[in-house]
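Student: Starting off with a structure, shown below.
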Amino acid sequence: MSVSEPAPPTAAEAEQLARMRYRRALTRKKRKEREAATEVKELNITAMMDMMTIILVFLLKSFASSSAAITASEDVRPPVSSTRATPKDTVAITITPKNILVGDREVVRLMDGRIPIEQLQGRLVLGLDDQLKKEVAKLKFIAARNPAAPFSHELSVIADKMVPYDLLITVLYTAGQNELENYRFIVLQRDAE
């Protein structure tokens, strides 16, 4: 018993087979052309810059809307209050029994809870006055270039509850001489009972 070999294709079958191979090759070629057309050949810098600008604006807005950062100190024990107001991001003066700070920078070291005589010019505290001039100039510079951040003339005072009234008035006088006439005293919020 011998196995018969397949009969050679007829001319019509050979032509049909050639057409099928041609169609498959044409289909493969079109698919490769489509894939090549969607392939990224170079980076589009404009689209990337647009994306980075949107991210930058988002980050700036989220930073601008954050609450005021107040540094805690062991020397300062603010009074307790039942206020509901939230602190704003302003120039912050901290008065401890040992020193006066603007932001995190010490500007005057107190002697026995009092401002040294050489730091006073009447009621004006010289070291505090110099630092507040710099802070106000910075805020005015920002306000001149950014209408969304106007100079509000506001000041946050973080003072120990044992700070003498006369010292507090002297600090507020110095702030008033530097166009910071709206005061906010930072207090600890009493727990709801």
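The values are calculated or read from the model by the stated rules, or taken from the named source; none is laboratory data. This structure is a prediction, so every number in the text was calculated from the model and none was measured. Ligands, DNA and RNA are excluded from the accessible area calculation, which covers all protein heavy atoms including side chains. Shrake-Rupley method; radii C 1.70, N 1.55, O 1.52, S 1.80 Å.
Student: Mind checking which residues of region 110-155 are of a type in the set (A, V, I, L, M) and outside any helix (DSSP H, G or I)? I'd like the intermediate steps shown before the answer.
Tutor: Taking region 110-155 first, the residues of a type in the set (A, V, I, L, M) are 110-111, 115, 117, 120, 124-126, 128, 132, 136-137, 139, 142-144, 148-149, 155.
L110, M111, I115, L120, L124, V125, A148, A149, L155, listed by residue number.
Student: Here is a follow-up. Please indicate, with yes or no, whether at least one residue in region 28-41 is open to solvent by less than 100 Å² (accessible area, probe 1.4 Å) and under 38 Å from the mean Cα position of the chain (by Cα).
Tutor: First, pick out the residues of region 28-41 that are open to solvent by less than 100 Å² (accessible area, probe 1.4 Å): 36-37.
Checking which are under 38 Å from the mean Cα position of the chain (by Cα) leaves us with none.
Looking through region 28-41, none of the residues is open to solvent by less than 100 Å² (accessible area, probe 1.4 Å) and under 38 Å from the mean Cα position of the chain (by Cα).
Student: Let me ask something else. For region 131-151, check the following and say yes or no: at least one residue is over 20 Å from the mean Cα position of the chain (by Cα) and open to solvent by 90 Å² or more (accessible area, probe 1.4 Å).
Tutor: yes
Student: Next up: For region 1-27, enumerate the residues that are in a helix (DSSP H, G or I) and open to solvent by less than 100 Å² (accessible area, probe 1.4 Å). If you could, list the steps in order and put the result at the bottom.
Tutor: Narrowing region 1-27 to residues in a helix (DSSP H, G or I): 11-27.
Within region 1-27, A11, A12, A14, E15, L17, A18, M20, A25, L26, T27 meet the criteria.
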